[in-house]
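**Student:** Got a structure here, written out as structure tokens. Questions coming.
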Amino acid sequence: MEPPPTETAPGPRRSLRGRVGRALLRGGKLFVAAVALYLLAALIGLIPVNNDFAPTADGVEVTVTSTEIHADLVLPLRNATMDWRPLLPAADFAGDTGRATRVAFGWGNKEFYVDTRTYADLKAGTVFRAMFWPSPTCVHVEMWDDDSRPAGARTVRLSHDQYRRLVDHVLGTFRRDAGGRFERIHPGAYGPTDAFYHAHGSYHAFNTCNCWVGRGLQAAGVRAGWFTPLPRTVSLYMPAPRAD
């Protein structure tokens, strides 16, 4: 009778390949599970707060704009409650902002905002760091005139007390120098009527630009989802734009 064949121990290369494959499989499963939990949290976050909110008919008009990835707050440049001009002087902008009547504020990841001018400049590493690693932030400010109103923008009217709370939310985001001035980022602008400023806070998947807008609306008492990390969810409970 012939002796049974002996098993040959796997070589180091084959063994390493197997370990790497198993590690990648586990990592993939963990990533899918994390994304599923994140989307579940975002779905639960759609539950609204401030359900007793009622717009003020003759109040301060506030606009929320939202693209596929980012939301902005658009406020009056000046009114009886707040005049933004001393904090955002004309010298901070390369072009003429004399016709501006409103000012748009957007908070977000500094690397993504300042270094990614177009989608063609977008890098996978930038996206990964923005979403999975707490990172420095900035505020993007853009002066608007009466003709600036993107399609789909939603508006709501606030009392002056509600608007004051929204203003305080925006003011508290800016870093200031010893003289109380907003800390400008040099160089940094997309065009002649916008500018970047250093901001407080860290950006990550659970604290996105959309979360920042959502928290501002909540602070003002506006009906909004209690957790708004994803685009288009911030203004979900605001009146739909009127068809012109």
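The values are calculated or read from the model by the stated rules, or taken from the named source; none is laboratory data. Computed from a predicted structure; not experimentally measured. In this analysis, Cβ positions are derived from the backbone assuming ideal geometry, glycine residues included, and neighbour counts consider all displayed protein chains. For the accessible areas, the whole protein counts, side chains as well, though only heavy atoms, and no ligand, DNA or RNA atoms are used. Shrake-Rupley method; radii C 1.70, N 1.55, O 1.52, S 1.80 Å.
**Student:** Any idea which of (1) in contact with a Lys or Arg (Cβ under 9 Å, 6 or more places away or on another chain); (2) open to solvent by 50 Å² or more (accessible area, probe 1.4 Å); (3) under 20 Å from VAL103 (Cα atoms) is the one ALA199 doesn't satisfy?
**Tutor:** Of everything listed in (1) in contact with a Lys or Arg (Cβ under 9 Å, 6 or more places away or on another chain); (2) open to solvent by 50 Å² or more (accessible area, probe 1.4 Å); (3) under 20 Å from VAL103 (Cα atoms), ALA199 misses just condition (2).
**Student:** Six or more apart or on different chains, Cβ under 7 Å: which pairs go from a residue in the range 80-107 that's closer than 21 Å to VAL62 by Cα to one that's open to solvent by less than 30 Å² (accessible area, probe 1.4 Å) and small (Gly, Ala, Ser)? Could you list them?
**Tutor:** Filtered contacts from the range 80-107: TRP107/ALA199.
**Student:** Also: Go through (1) under 18 Å from TRP84 (Cβ atoms); (2) over 12 Å from the mean Cα position of the chain (by Cα) for LEU217 and report which single condition fails.
**Tutor:** With respect to (1) under 18 Å from TRP84 (Cβ atoms); (2) over 12 Å from the mean Cα position of the chain (by Cα), LEU217 is out only on (1).
**Student:** Next question, about the same structure. Which numbered condition trips up THR67, out of (1) open to solvent by less than 50 Å² (accessible area, probe 1.4 Å); (2) under 15 Å from GLU142 (Cβ atoms); (3) of a type in the set (Val, Ile, Thr)?
**Tutor:** (1)
**Student:** Condition test on HIS169, is it outside any strand (DSSP E or B) and surrounded by fewer than 18 Cβ atoms within 10 Å (Cβ to Cβ)? Even if it seems obvious, please write down each step before you answer.
**Tutor:** Working: outside any strand (DSSP E or B): yes; surrounded by fewer than 18 Cβ atoms within 10 Å (Cβ to Cβ): no.
Spelling it out, it is not the case that HIS169 is outside any strand (DSSP E or B) and surrounded by fewer than 18 Cβ atoms within 10 Å (Cβ to Cβ).
**Student:** Out of all the residues in the range 202-244, which are assigned to a strand (DSSP E or B), surrounded by fewer than 20 Cβ atoms within 10 Å (Cβ to Cβ) and not polar (S, T, N, Q)? Before the answer, list the steps.
**Tutor:** Applying the first criterion (assigned to a strand (DSSP E or B)) to the range 202-244 yields 203-204, 207, 224-225.
Pick out the ones that are also surrounded by fewer than 20 Cβ atoms within 10 Å (Cβ to Cβ) and you get 204, 207.
Passing the criteria: only HIS204.
Residue-by-condition table, conditions (1) exposed (fewer than 15 other Cβ atoms within 10 Å of the Cβ); (2) among the charged types (D, E, K, R); (3) at pLDDT 75 or above:
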| residue | (1), (2), (3) |
| --- | --- |
| MET1 | yes, no, no |
| THR6 | yes, no, no |
| LEU43 | yes, no, yes |
| VAL49 | no, no, yes |
| ASP58 | yes, yes, yes |
| ASP72 | no, yes, yes |
| LEU88 | no, no, yes |
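**Student:** Any chance you could count how many residues in the range 96-142 are modelled with pLDDT of 90 or more, open to solvent by 60 Å² or more (accessible area, probe 1.4 Å) and of a type in the set (Lys, Arg)?
**Tutor:** Within the range 96-142, residues that are modelled with pLDDT of 90 or more, open to solvent by 60 Å² or more (accessible area, probe 1.4 Å) and of a type in the set (Lys, Arg) number 1.
**Student:** Next up: Name the residue that is nearest to TRP84 (Cα to Cα), counting only residues in the range 176-194 that are of a type in the set (D, E, K, R) and open to solvent by 30 Å² or more (accessible area, probe 1.4 Å). I'd like the intermediate steps shown before the answer.
**Tutor:** Let us first name the residues in the range 176-194 that are of a type in the set (D, E, K, R), namely 176-177, 181, 183-184, 194.
Those left that are additionally open to solvent by 30 Å² or more (accessible area, probe 1.4 Å): 176-177, 181, 183-184.
Values: ARG176: 15, ASP177: 17, ARG181: 12, GLU183: 15, ARG184: 15 Å.
Filtering the range 176-194 for residues that are of a type in the set (D, E, K, R) and open to solvent by 30 Å² or more (accessible area, probe 1.4 Å), the one nearest to TRP84 (Cα to Cα) comes out as ARG181.
**Student:** Let me ask something else about it. Name the pairs: first residue in the range 189-205 and closer than 12 Å to TYR113 by Cα, second residue at pLDDT below 90 and of a type in the set (A, V, I, L, M), Cβ to Cβ under 8 Å, at least 6 apart or on different chains?
**Tutor:** So the pair list comes out as ALA195/ALA189; PHE196/VAL114; PHE196/ALA189; TYR203/ALA130.
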